[in-house]
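Participant: Take this structure first; my questions come after.
The values are calculated or read from the model by the stated rules, or taken from the named source; none is laboratory data. Please read these numbers as outputs of a predicted model, since none were measured by experiment. Don't worry about glycine lacking a Cβ; one is built from the backbone with ideal geometry, like all the others, and counts go over all protein chains shown.
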Amino acid sequence: MSKNISFLIFNFLGLQITWAACAYGATHSFALLGAIIGCIYIILHMIFTPNRIVDALTLLSLTMIGVCLDYLNMKLGIISFRSNEIGFIPVWLIILWGVFSLMIPHSLHWLSSKPILASILGGIGGSFSYWLGHKLGAITLSDPLLLNVLIYFIEWAIYIPLAFVIHHSIKNIISSQATLKNNIST
């Protein structure tokens, strides 16, 4: 198996394992479990990624957007959390956004040139993830449940294509700077 395929599988499984750890931890009084697993994944990802700077900037940018989105949803009463001591979204969810953001340049990259498909799959996958988190008891979506799942569908249908635009912008800026640096030094 090539290194690239192995990394894509690692990238995809990183989110699945972190998501499961977050859901389990949030429902079993160990909310930091997902955050710990997610941090370990992010560190390993940054060690093995072929594009450390681009991935780090993508992680920071997309995580900030996702955190703001969930904070807004919390303030609007769409979502609430079992353990919310600090009046902000839980640490495990912040880390989960970080882990998810690392899928954009890697295991989800194949969707980057298909914005309509990315939007549809993003809407389905994102809303399903929140619905499942609600059913497992990791989060609480307010009533009417169907309306709130629809809100998440719309948010994720917009977020995923936007995430690809942001990632490509970051990649182009870093690439341009590297080219400029090479031209200056020669």
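Participant: Which residues, counting only those in the stretch 18-57, are of a type in the set (Val, Ile, Thr) and more than 13 Å from the chain's Cα centre (by Cα)?
Facilitator: Thr27, Ile36, Ile37, Ile40, Ile43, Ile47, Thr49, Ile53, Val54
Participant: A further question on this structure: Take the stretch 2-28 and flag every residue that is hydroxyl-bearing (Ser, Thr, Tyr) and either modelled with pLDDT of 95 or more or closer than 17 Å to Arg52 by Cβ (or both).
Facilitator: At the first step, the residues of the stretch 2-28 found to be hydroxyl-bearing (Ser, Thr, Tyr) are 2, 6, 18, 24, 27.
Passing the criteria: Thr18, Tyr24.
Participant: Could you go through the stretch 144-160 and let me know if any residue there is farther than 24 Å from Ala56 by Cβ and modelled with pLDDT under 95.
Facilitator: no
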